[in-house]
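First up is the structure itself, then whatever we jot down about it.
The values are calculated or read from the model by the stated rules, or taken from the named source; none is laboratory data. This is a predicted model, so every value here is computed, not measured. Because the Cβ atoms are built from the backbone with ideal geometry, glycine has one as well, and the counts that use them run over all protein chains shown.
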């Protein structure tokens, strides 16, 4: 037996080298897996390096920008003062509208109000490959973050938590090919699934050819998946390709969030309805 | 004893470099325009493992490097293992006819291997039924990424060469040491 193993050592090793990736890819198609204990060791080595590099880059860019934009400060200050006056006036009007809205809600008996408990996290790294769009955050299980929690910014949906360690968490973004979100057209209330297309774009799938969708329409999360709260902007329809035949139409969606400029995000820990 | 200890440190050193390179690759190239210029630094490690290590040891290192890459990506599990193993086996096969006299030759090899790795990725994604929207992005990144990987490879190969030299993995260093040893034995130096 040992003689044969020695004789065919090369062939056996080659077979194992081909088999291991095949098995890995086969198991991955069934269910995405969480980090194992040895994976966590690896992450505990790389994440401090990633944080440090990000901090260093951030400081360098800030220092450069502060120096370059210093000459423009007075002009910018005047502009900001003017904007501030205008915004204060608008806030006053909005307060009035909010009060009116509250009164009307009470009148209508509309009691549901979404309360979100969030954690703010900083992006410390992106995906190691250009083909995928993961983000690594500097907060993890110790901050209460768990798998499948929604990640948003004030602009809209970023993605969902894929894996966590005590100090970091990985986000699968909506532009990733492995992402899918149930969305509604804000104007026509047409529903579909927003899937990532990798190239900083998404597509709205399963929208019927007869559905009323036009470029410029805003898509919001439907809240059906149980991950994202209802009404968070997902993106804007940038292109509609409607063939004279077929069941569905091709809809290209520009995400509400600019992923090339993303720095901080909010992780929604809990959604409560009262 | 010192030599043996250093030789044992080669593999951990190799993996540590892989971890640092992964951190650099994922942390530095976040924002625009750097996010369009992300090199595949770990591919250089695979090429080095393919040409400078034995078949078994190189293969195991390739699997470990592939696993490290997958931990820092949302890629389907096994995708990088497949593409990196394909590159490793391809390079091993080509090593019978391949002559890499200097770092420029390594750079050219990296350029070709980077493009090949992306194509293998695409093929595997197509098998998984996920390549519909992937091919455009991959083809767009194919050449720029390969060029950057090849350029980054110049420094990575120097680093790996240095690691091999100080851990007595390099053949030239080995020969020089054995010559020195012979001198000590025969001439009494």
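Filter segment A:237-264 down to residues that are within 19 Å of residue A:183 (Cβ to Cβ) and under 15 Å from the mean Cα position of the chain (by Cα), then give me how many there are.
7
Matching residues to (1) within 10 Å of chain A (Cβ to nearest Cβ); (2) closer than 17 Å to residue A:25 by Cα:
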residue	(1), (2)
B:129	yes, yes
B:134	yes, no
B:140	yes, no
B:147	no, no
B:161	no, no
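Yes/no per residue for (1) within 7 Å of another protein chain (Cβ to nearest Cβ); (2) buried (at least 20 other Cβ atoms within 10 Å of the Cβ); (3) part of a loop (DSSP other than H, G, I, E, B); (4) under 13 Å from the mean Cα position of the chain (by Cα):
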residue: B:60; (1), (2), (3), (4): no, no, no, yes
residue: B:75; (1), (2), (3), (4): yes, yes, yes, no
residue: B:80; (1), (2), (3), (4): no, yes, no, yes
residue: B:83; (1), (2), (3), (4): no, yes, no, yes
residue: B:98; (1), (2), (3), (4): no, no, yes, no
residue: B:101; (1), (2), (3), (4): no, no, yes, no
residue: B:104; (1), (2), (3), (4): no, no, no, no
residue: B:123; (1), (2), (3), (4): no, no, no, no
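Anything in segment B:132-189 that is in contact with a helix residue (DSSP H, G or I) (Cβ under 7 Å, 6 or more places away or on another chain), at pLDDT below 75 and not in a loop (DSSP other than H, G, I, E, B)? List them, or say none.
B:134, B:173
Has segment A:193-211 got at least one residue that is in contact (Cβ under 8 Å) with a residue 24 or more places away in the chain, more than 18 Å from the chain's Cα centre (by Cα) and surrounded by 23 or more Cβ atoms within 10 Å (Cβ to Cβ)?
Yes, the conditions are met somewhere in segment A:193-211.
Scan segment A:56-67 and tell me whether some residue there is within 29 Å of the chain's Cα centre (by Cα), within 10 Å of chain B (Cβ to nearest Cβ) and at pLDDT 85 or above.
Checked segment A:56-67: at least one residue is within 29 Å of the chain's Cα centre (by Cα), within 10 Å of chain B (Cβ to nearest Cβ) and at pLDDT 85 or above.
Please tell me if residue B:6 is more than 8 Å from chain A (Cβ to nearest Cβ), at pLDDT below 90 and not in a helix (DSSP H, G or I). Break it down stepwise before answering.
Values: more than 8 Å from chain A (Cβ to nearest Cβ): yes; at pLDDT below 90: yes; not in a helix (DSSP H, G or I): no.
Considered against the rule, which asks whether it is more than 8 Å from chain A (Cβ to nearest Cβ), at pLDDT below 90 and not in a helix (DSSP H, G or I), residue B:6 comes out as no.
For segment A:152-258, list the strands (runs of 3 or more DSSP E) that sit wholly inside it and hold at least 3 residues that are under 27 Å from residue B:138 (Cβ atoms) and more than 14 Å from every other protein chain (Cβ to nearest Cβ); which are they?
Correct list: A:233-241.
Would you mind telling me which numbered condition in (1) within 30 Å of residue A:129 (Cβ to Cβ); (2) over 12 Å from the mean Cα position of the chain (by Cα) residue A:229 fails?
(1)
Kindly indicate the residue of segment A:11-34 that is over 17 Å from residue B:63 (Cα atoms) and more than 7 Å from every other protein chain (Cβ to nearest Cβ) and also modelled with the lowest pLDDT among those meeting that condition. Can you show your working first?
Quick first cut of segment A:11-34, residues over 17 Å from residue B:63 (Cα atoms) only: A:11, A:29-34.
The next check asks that each one be more than 7 Å from every other protein chain (Cβ to nearest Cβ); those that pass are A:11, A:30-32, A:34.
Values: A:11: 85, A:30: 53, A:31: 57, A:32: 61, A:34: 75.
Among them, the one singled out is A:30.
Restricting to segment B:13-58, count the residues that are in a helix (DSSP H, G or I) and either within 7 Å of chain A (Cβ to nearest Cβ) or closer than 21 Å to residue B:158 by Cβ (or both). Can you show your working first?
Initially, segment B:13-58 is screened for residues in a helix (DSSP H, G or I), giving B:13-28, B:34-36, B:41-52, B:55-58.
With either within 7 Å of chain A (Cβ to nearest Cβ) or closer than 21 Å to residue B:158 by Cβ (or both) added as a condition, the list becomes B:13-28, B:35, B:41-52, B:55-56, B:58.
Of the residues in segment B:13-58, 32 are in a helix (DSSP H, G or I) and either within 7 Å of chain A (Cβ to nearest Cβ) or closer than 21 Å to residue B:158 by Cβ (or both).
Could you tell me whether segment A:136-152 includes any residue that is touching a helix residue (DSSP H, G or I) at 6+ places or on another chain (Cβ under 7 Å) and buried (at least 24 other Cβ atoms within 10 Å of the Cβ)?
yes
Out of segment B:24-58, which residues are crowded, with 20+ Cβ neighbours inside 10 Å, more than 15 Å from the chain's Cα centre (by Cα) and in contact (Cβ under 8 Å) with a residue 12 or more places away in the chain?
Within segment B:24-58, B:26, B:38 meet the criteria.
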